[in-house]
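One structure below.
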Amino acid sequence: MQFQQLQYFVAVAETRHFTRAAELVHVAQPSLSQQIKALERELGADLFLRARGNITLTDAGAALLPLARRILADADTARQEVQELAQLRRGRVRLGATPSLCTGLLPDVLRAFHDRYPGIRLLIEEGGSHDLVRELARGALDLALVVLPLPAPAPALTTVELLREDLVVVSSPEAPVPGRGGRILEVAELAGERLVMFRHGYDLRELTVAACRSAGFEPDFAVEGGEMDAVLGFVRARLGIAVVPRMVATRAGRDLRVTPLARPGLHRTIALAHRSDVAPPRAARELQRMLLER
């Protein structure tokens, strides 16, 4: 049974006339008649009683008509759904990102994407790079913003470098200026400070601890285990200082003092990752383009 045959059958059933039905579906009348006969042979039953000037449905035709209409309607719905997705009117994007990027980089980009494609749902998953790579590999995410280098080799992923971001030190304006009180801070000066530290598995934790050890000391934690919002809140409460991305510090407002690190400073490289063996959906590719062009 062919989809086209059902179209011809419904056209004849509705017009009760082979010639008018052929005009309706834009096909020659002999071709339409041949397809109807082929459908009847396949079904093993006549669908129409053919009398001069009078075409009526047989019992078999009457039974097939609502089913054929439903099949054609479902096909039309499927066509519209696919077209809407292709034209970015509907769909979803599953994006993973580290919490600091959700705070710093993403709000403006997601706002622009939502304004352009309001029918696309944005599903955001926060996590460390290790967790996001795992979610990408199992197909739970379309795209992920991760920190390079990746925590483990990931040959099944394609990564594109997005930006290189400075890290800065934030402290409460009501607390003493960290270090020796200068406008910039050496990493070694963190040895005399108590740090508010992120939880284990957080990219910024590993990066900060590694920098302190490279400078010859173990960092002293006043509080540890928080996510980005909690860390900033603890700094505001004067529990300690924290090393955070510059974008996060800029968005945090005037209630935090920002002190740059002296050259070469600390940096992190952000990349956009997706699976190499599966092309991201159209909507995800559009978000990827907007991120790369930001």
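The values are calculated or read from the model by the stated rules, or taken from the named source; none is laboratory data. These numbers come from a predicted model, not from an experiment. For neighbour counting, all protein chains shown are included, and Cβ atoms are generated from backbone atoms with ideal geometry for every residue, glycine included. Side chains are part of the model used for accessible areas, which takes the heavy atoms of the whole protein and leaves out ligands, DNA and RNA. Shrake-Rupley method; radii C 1.70, N 1.55, O 1.52, S 1.80 Å.
Remark: pairs (first residue in segment 198-218, in contact (Cβ under 8 Å) with a residue 40 or more places away in the chain and assigned to a helix (DSSP H, G or I); second residue open to solvent by less than 50 Å² (accessible area, probe 1.4 Å) and of a type in the set (Gly, Ala, Ser); Cβ separation under 9 Å; 6+ apart in sequence or on different chains) = ASP203/SER100; ASP203/GLY128; ASP203/SER129; LEU204/SER100; LEU204/ALA242; THR208/ALA242.
Examine segment 81-88 for a residue that is on the phi > 0 side of the Ramachandran plot and open to solvent by less than 90 Å² (accessible area, probe 1.4 Å), and state whether such a residue exists. Yes, segment 81-88 contains at least one residue that is on the phi > 0 side of the Ramachandran plot and open to solvent by less than 90 Å² (accessible area, probe 1.4 Å).
If you filter segment 32-50 down to residues that are assigned to a loop (DSSP other than H, G, I, E, B) and open to solvent by less than 50 Å² (accessible area, probe 1.4 Å), you find that the one that is nearest to GLN7 (Cα to Cα) is LEU47. Residues in segment 62-80 that are open to solvent by less than 80 Å² (accessible area, probe 1.4 Å) and without any contact (Cβ under 8 Å) to a residue 40 or more places away in the chain were compared, and the one that is nearest to the chain's Cα centre (by Cα) is ALA78.
Quickly run through segment 11-24 and pick out the residues that are open to solvent by 40 Å² or more (accessible area, probe 1.4 Å) and either among the polar types (S, T, N, Q) or not in a loop (DSSP other than H, G, I, E, B) (or both).
As a first pass, look at segment 11-24 and keep what is open to solvent by 40 Å² or more (accessible area, probe 1.4 Å): 14, 16-17, 19-20, 23-24.
Passing the criteria: GLU14, THR19, ARG20, GLU23, LEU24.
Condition check: touching an Asp or Glu at 6+ places or on another chain (Cβ under 6 Å) and either part of a helix (DSSP H, G or I) or among the hydroxyl-bearing types (Ser, Thr, Tyr) (or both). Does GLU81 satisfy that? So GLU81 does not fit the description; no.
Results for (1) in a loop (DSSP other than H, G, I, E, B); (2) at pLDDT 95 or above, shown as yes or no for each residue.
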site: ALA230; (1), (2): no, no
site: VAL235; (1), (2): no, yes
site: LEU239; (1), (2): yes, yes
site: ALA249; (1), (2): no, no
site: PRO264; (1), (2): yes, no
site: ILE270; (1), (2): no, no
site: VAL278; (1), (2): yes, no
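Residues of segment 51-61 that are surrounded by 14 or more Cβ atoms within 10 Å (Cβ to Cβ) and not in a loop (DSSP other than H, G, I, E, B): ILE55, LEU57, ALA60, GLY61. If I filter segment 207-220 for residues that are among the acidic types (Asp, Glu), within 33 Å of the chain's Cα centre (by Cα) and farther than 22 Å from GLU174 by Cβ, do I get at least one hit? No - not one qualifying residue is present in segment 207-220. Going by the structure shown, is THR98 modelled with pLDDT under 90, closer than 30 Å to TYR8 by Cβ and either surrounded by fewer than 18 Cβ atoms within 10 Å (Cβ to Cβ) or within 14 Å of the chain's Cα centre (by Cα) (or both)? For THR98, the condition - modelled with pLDDT under 90, closer than 30 Å to TYR8 by Cβ and either surrounded by fewer than 18 Cβ atoms within 10 Å (Cβ to Cβ) or within 14 Å of the chain's Cα centre (by Cα) (or both) - is not met.
Does segment 141-172 hold any residues that are open to solvent by 70 Å² or more (accessible area, probe 1.4 Å) and either more than 26 Å from ALA215 (Cα to Cα) or among the polar types (S, T, N, Q) (or both), and which are they? So that I can check it myself, show each step before the final result.
Filtering segment 141-172 for residues open to solvent by 70 Å² or more (accessible area, probe 1.4 Å) gives 149, 151, 153, 155, 161, 164.
Within segment 141-172, PRO153, PRO155, GLU161 meet the criteria.
Of all residues in segment 173-197, those being touching a Phe, Trp or Tyr at 6+ places or on another chain (Cβ under 9 Å), assigned to a strand (DSSP E or B) and surrounded by 17 or more Cβ atoms within 10 Å (Cβ to Cβ) number 3. When restricted to residues that are open to solvent by less than 40 Å² (accessible area, probe 1.4 Å) and in a strand (DSSP E or B), segment 101-129 contains 1.
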